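The values are calculated or read from the model by the stated rules, or taken from the named source; none is laboratory data. From a predicted model like this one, the values you see are computed outputs, not experimental measurements. Cβ placement follows ideal geometry from the backbone for every residue including glycine, while neighbour counts extend to all protein chains displayed.
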Amino acid sequence: MKLTAVVLNWNGGDDTLAALASLEGIETICVDNASTDGSDRLVEERFPAVELLRTGANLGFAGGSNAGIARALERGADWVLLLNSDAIAEPGLADALARAVEARPDAGLLACTILDMDGTSVQYAGASFNARFGYSGRVSTTVPDGVRDVGRADGAALAVSRAAVERAGVFDESLFMYVEDVEWSLRIRGAGFAVVVVPDARVRHKGSTSTGGSASTTNLYYDTRNTIVVAERHAPGARLPRRAVIVGAHLALALSHPSRLQAMRAVLAGWRDARAGRMGQRSSR
């Protein structure tokens, strides 16, 4: 198993440097997604063995990750590990993924077990997605005893096989960010590969740093828009009831947001853009 890691730098600063340091011993590519904080230069200085790939523009999580995947495959990778810049790989990650490949040769997507940054609680140990209702289901926080099938991976840390990419393709860049990992999981499963969670492949993750943290409403916009689009793509029909459920669920989240009115506006903007077919990066209109 030839594994190459990809870290997407998006004004990541110290977080990106910590992510790269945690991957010592793994061939790594850092995709700089048009950062403006000088972190790209720090990567060059501190990690000369890491290939720095500058996109020259903000391609979003989907586009930036795709650039890294393409380069990793050019370099001969059998598997590509995607690690968020605000995540840290725990020791033994590569070995755990290799064991999972041996145990599950049918797998095309290996989901890592994701912990919070102090390692005391589980953020992700498996999850589902019901396209008929646009519902992701409750994320499992119970780490299984062994590798097991899951409905969807989490983009904070996952590994994809060359075979899965060649058959199912890469991330849908029209989604830009958020829910692209769900859509990819559905597409890879539809191409005949298993999506599994690997309990011993562990990372620690901050979360939401690329969109401004908990005070930002960017995630609500993209999550609303893209959940609608992905659900309708993979389970056509019942459009109006499903949209009502998705928008209602996101408005409920907006009510608990520190900037409640702004959050509600972000949800409604996501609904309007999904309805109008406006995809890609959110415009400033």
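The single condition among (1) surrounded by fewer than 16 Cβ atoms within 10 Å (Cβ to Cβ); (2) touching a residue at least 24 places away in the same chain (Cβ under 8 Å); (3) part of a loop (DSSP other than H, G, I, E, B); (4) not aliphatic (A, V, I, L, M) that ARG282 does not satisfy is (1). In this structure, is ALA57 surrounded by fewer than 16 Cβ atoms within 10 Å (Cβ to Cβ), within 20 Å of ASP172 (Cα to Cα) and in contact with a helix residue (DSSP H, G or I) (Cβ under 9 Å, 6 or more places away or on another chain)? Against the criterion (surrounded by fewer than 16 Cβ atoms within 10 Å (Cβ to Cβ), within 20 Å of ASP172 (Cα to Cα) and in contact with a helix residue (DSSP H, G or I) (Cβ under 9 Å, 6 or more places away or on another chain)), ALA57 qualifies. Checking every residue in region 184-202 against the condition of being in the same structural domain as VAL7 (by TED's automatic domain parsing), at negative phi and of a type in the set (Asp, Glu) gives at least one match. Would you confirm whether or not region 37-54 contains a residue that is part of a strand (DSSP E or B) and in contact with a Leu (Cβ under 6 Å, 6 or more places away or on another chain)? Among the residues of region 37-54, not one is part of a strand (DSSP E or B) and in contact with a Leu (Cβ under 6 Å, 6 or more places away or on another chain), which makes the answer no.
Does region 127-137 contain at least one residue that is surrounded by 14 or more Cβ atoms within 10 Å (Cβ to Cβ) and in contact with a strand residue (DSSP E or B) (Cβ under 6 Å, 6 or more places away or on another chain)? Checked against the condition, which is being surrounded by 14 or more Cβ atoms within 10 Å (Cβ to Cβ) and in contact with a strand residue (DSSP E or B) (Cβ under 6 Å, 6 or more places away or on another chain), region 127-137 yields no hits at all.
Only one of the listed residues (GLY119, GLY155) is crowded, with 22+ Cβ neighbours inside 10 Å and not polar (S, T, N, Q). That residue is GLY155.
Of all positions in region 171-186, at least one carries a residue that is under 13 Å from the mean Cα position of the chain (by Cα), under 23 Å from LEU3 (Cα atoms) and in a loop (DSSP other than H, G, I, E, B).
For the condition without any contact (Cβ under 8 Å) to a residue 12 or more places away in the chain and under 27 Å from ARG278 (Cα atoms), what is the one hit in SER128, SER216, SER136, SER174? Give the derivation first.
Details: SER128 fails: without any contact (Cβ under 8 Å) to a residue 12 or more places away in the chain; SER136 fails: without any contact (Cβ under 8 Å) to a residue 12 or more places away in the chain; SER174 fails: without any contact (Cβ under 8 Å) to a residue 12 or more places away in the chain.
It is SER216.
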